[in-house]
Amino acid sequence: MRQLRILFLSFFFLSLNVFVKAQGVVWSEVQPGIWKAVVGKPDSYNLLNAAGAVPNNEALAKLGGAAFPLSEKDIEFKVINGKTFLRFPLQKGEQLFGFGLNFQTVHQRGKILELHVDHYGGKDNGRTHAPTPFYVSSNGYGVFINSARYIKVWAGSGVRKDSPNFPEPKDRNTDKTWASRPYSDAVEMLVPADGVEVYVFGGPKPLDAVKRYNLLNGGGYLPPRWGLGFTQRVKTKFTAQEVEDEVKAFAEKGYPLDFVGLEPGWQSKAYPGTFSWDKGRFPEPAAFVKNMLNRGVRLNLWINPYVSPDAPFYKAIRPLTSSHTVWLGAVPDFTMPEARNLFFGQLQKDQVDIGVSGYKIDEVDGYDHYLWPDVATFPSGISAEQMRQTYGLLAMRYSAEMFKKRNQRTFGLVRASNGGGTSFPYVIYNDYYNHEDFITALINSGFAGVLWTPEVRASKTGEEWLRRFQSNVFSPMAMINAWSSGTKPWTYPEVEKQVKEFALLRMRMMPYWYTEFAKYHFEGIPPFRAMNLEEGFNQEVKTEVLTNVNLEENPYAEAASKEIKDQYMAGEYLLVAPMFTGQTSRKVVLPKGKWYDFYTGEFAGEGQVITVTPGLDKIPVYVKNGGIIPMMPAMLHAPKKGEKVDIEIRHYGEKSGAYKLYDDDGETFNFEKGEFTWRDIRVVQQKNGQMKGSVSAAAKGKPNTIGKVSFTFMTK
């Protein structure tokens, strides 16, 4: 069968000789529904080869083809004086999403950006941790620019005098409808290079374009089960004993804990680092790591990749580093195998080989005042600009390889990513600490091919702590980052009970989270994504704010005049609407169809804008009609490799439902060899009106970690 499948795929891809030619540029269909054009003479170094991205051919083939989504005659490419100009058409009523990990806006039409890796500075101007040059249209297509340069973008903001849709000039003195930003019918970009590779992704729906983009990059990463548990990052200078005491306190108080993050103090020197254990704080690293593993807790180590003169490999790596330093530390050129072998060889022998489970890769993003300047040189010849755009990709790629070689999955944190980085085992975080913007970033992560955590650090009140914690539970990584504050889940006693309930809820929902990440890997569906990608949720570009609207007749009218950036989809069935400090009520826009309260199963609404007052104890979460949520007992640690757990299958609503539950050993890459299963869950309404559930049998010779199965029908 495998040989037949390979022969079929080979024939299929050979048959993709579909070409579209426009203005001397040839578009070739390189994957089903994905077209590539080469403009001018592109740089040999780009985002996809820096990331080592390998397309998931089988999954892309399953998606099937799509028509070329744009008018070829309206696409324009020019190379002038070493710069490449790109122009893509826009229609009226078309909205744009993406252009990287934005924190304050979801709608991007009308924006002017420079896509530039940087620490987020408080404005959506293109400088961000993951300035992915990929945008998605509400018309159901996507565009990706495969360049490791700083790319300028005019996302429907420039008006050409020869535009066929030139707007009518108005007199500001007499016409109240005059606008300082007139209608524009194109996305225009400037790439500072002699050429570039361009990819266009067909739909027909926006989510289809997103899936194709993710699968071109290899599909999303499937974390180990423990990566979806709970993590606590301890104070910077904690000793081995203090870490052990904290782990013991979690166990005694009944709080879940799967991995602990050690901050800079684990190293003998940091900023720049030695990448060697501080023997004062950690006198016996191997014994310490083993002790933690025996308690069911893994360790994740903070690093930034800037090498101290006191590092054991400094002299050897110095000739393989940049002309400029970061905090007086040498900057390894990770495009060179010799530099990688020295740097990651140290991490391998000193940490990974004794059982360390992952890394937090800090400060590979910016700011300009501490990162290398654009005048810096690297021994490989890669420019400082290109290295800035890809350094996070390189650090993720080669650190992940250490664990892949051990057949051991990892899950960690990083400060910078870019196009091509979808398949890496890292979640982005930063030092910017605005709760509302954290949720907007989580929404936008689904358009950028990255993961983002709205981490919890400290709070001014118990209410703020609980509200932050609640949304953190419904995110890719449930984490308290107490490197400075030393906060614990129980630090605010007035909300300790609720915090504990949500921490345990995170564990109970692990079968659902794990399955949704499997879909990210195998199907390219972001586990956390914007409402705009949800079926039945439509928003149009509005030029005026609607007033005196009858929401009974048009429930979307109120929502359509502004972007929805404070609610999102979590997996196939859940809609999450976080509460923020000081809020006692909020509005939630429910897509078409019936929706039900996650906690009670009660009917919540049907395709309408509702106002909810959940109280402090809950974050509003709703389930689609017919939704199925698999859950497990509230364990303090994720199930061990191959460990069986009982499953409670919750069904919501009045419709029959179906769900595919993913299963593998939870820790290794054996799933890439076919060692996984999808168990079919079905709930069918009987003639007497009662619901009846079933689960398909475990496949022989495949992993089976599912114990007893029970059904709970939440809607009475």
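Only the coordinates and a few stated rules stand behind these numbers; no lab work does. Predicted model, so just to flag it, every value in this text is computed and none were measured. Here the Cβ is made from the backbone with ideal geometry for all residues, glycine too, and neighbour counts use every protein chain on show.
See the values below:
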{"item": "Rule-of-thumb Rg ratio for the range 279-360 [Cα; 2.2 N^0.38 Å; N residues]", "result": "1.23"}
{"item": "Centre separation in Å (Cα based) which lies between the range 154-173 and the range 92-137", "result": "22"}
{"item": "Packing rank of 442-450, 303-311, where each peptide gets the mean count of other beta carbons within 10 Å, highest leading", "result": "442-450, 303-311"}
{"item": "Segment His369-Glu252, length gained on full extension (0.36 nm per residue, minus Cα span)", "result": "37.6 nm"}
{"item": "Over the range 219-299: Kirkwood hydrodynamic radius from C-alpha pairwise inverse distances, Å", "result": "13.5"}
{"item": "Amide H within-cut-off set for Arg109, under 5 Å, with H built and near neighbours excluded", "result": "Leu96"}
{"item": "Sites Ser656 and Ala697 - FRET efficiency at Förster radius 22 Å, r taken between beta-carbons, to 0.05", "result": "0.60"}
{"item": "Label corresponding to Rg and Dmax of the Cα atoms in Å when calculated from the structure given, among [x] 26.1, 88; [y] 36.3, 115; [z] 25.5, 79", "result": "[z]"}
{"item": "Alpha-carbon centroid distance for the pair the range 23-61 / the range 201-217, whole angstrom", "result": "14"}
{"item": "Filter on Lys644/Lys716; Lys41/Lys73; Lys78/Lys152; Lys36/Lys78 - keep pairs with C-alpha separation over 25 Å", "result": "Lys644/Lys716"}
{"item": "The range 55-161 - convex hull of the alpha-carbon atoms, volume per residue in Å³", "result": "147"}
{"item": "Given charges at Cβ of Lys, Arg, Asp, Glu: the chain dipole, positive-most of Val326, Ala699, His107", "result": "Ala699"}
{"item": "In order through the range 585-593: 3J(HN,Hα) via Karplus (6.51 cos²θ - 1.76 cosθ + 1.60), integer Hz, x for Gly, Pro", "result": "8, 7, 9, 10, 8, 8, x, 4, x"}
{"item": "Pairwise label distance in nanometres, Lys687 with Asp617, each label 7 Å out on the Cα-Cβ vector", "result": "4.2"}
{"item": "Label-to-label distance, nm, for residues given as Lys644 and Asn294 (7 Å Cα→Cβ offset)", "result": "2.9"}
{"item": "Total charge dipole magnitude, the chain, about the Cα centre, Cβ charges on Lys, Arg, Asp, Glu only, Debye to nearest 20", "result": "1220"}
{"item": "Beta bridge orientation in the chain: antiparallel %, DSSP, nearest 5", "result": "75"}
{"item": "Filter on Lys211/Lys519; Lys237/Lys405; Lys92/Lys123 - keep pairs with C-alpha separation over 21 Å", "result": "Lys237/Lys405; Lys92/Lys123"}
{"item": "Filter on Lys161/Lys562; Lys587/Lys687; Lys360/Lys702; Lys565/Lys624; Lys290/Lys641 - keep pairs with C-alpha separation over 27 Å", "result": "Lys161/Lys562; Lys587/Lys687; Lys360/Lys702"}
{"item": "Computed magnitude of the charge dipole of the range 229-504 (debye, nearest 20; Cβ of K, R +1, Cβ of D, E -1)", "result": "720"}
{"item": "Trypsin sites (Lys or Arg not before Pro) lying in DSSP loop within the range 653-697, provided at most 14 other Cβ fall within 10 Å", "result": "Lys687"}
{"item": "Taking N as its residue count, the alpha carbon Rg of the range 580-716 over 2.2 N^0.38 Å", "result": "1.25"}
{"item": "Partner aspartates and glutamates for Lys176 [C-alpha distance under 16 Å; skip if fewer than 8 residues away on the same chain]", "result": "Glu168, Glu544"}
{"item": "Highest-first arrangement of 363-372, 394-403, where packing means the average Cβ count within 10 Å", "result": "394-403, 363-372"}
{"item": "Estimated FRET transfer efficiency when R0 is 56 angstrom, pair Ser323-Val26 (beta carbons, to 0.05)", "result": "0.90"}
{"item": "Computed E for Lys62/Asp171 - FRET, C-beta separation, R0 60 angstrom, nearest 0.05", "result": "0.60"}
{"item": "Contour excess over end-to-end distance, with Cα ends at Ser485 and Phe85 and 0.36 nm allotted per residue", "result": "139.2 nm"}
{"item": "Dipole magnitude of the range 248-402, debye to nearest 20 (Cβ charges: Lys/Arg +1, Asp/Glu -1, about Cα centre)", "result": "540"}
{"item": "Linear extension gain, Tyr271 paired with Thr712, 0.36 nm per residue minus alpha-carbon span", "result": "153.5 nm"}
{"item": "Global geometry of the range 328-376, whether rounded, prolate or oblate, following the gyration tensor of its Cα atoms and the 1.5 cut on a/c", "result": "oblate"}
{"item": "Selection of trypsin sites (Lys or Arg not before Pro), the range 74-122, meeting DSSP coil and at most 12 other Cβ within 10 Å", "result": "Lys92"}
{"item": "Helical contribution to [θ] at 222 nm, DSSP H n ≥ 4, -39,500 (n - 2.57), averaged over the chain, rounded to 500", "result": "-6500 deg cm²/dmol"}
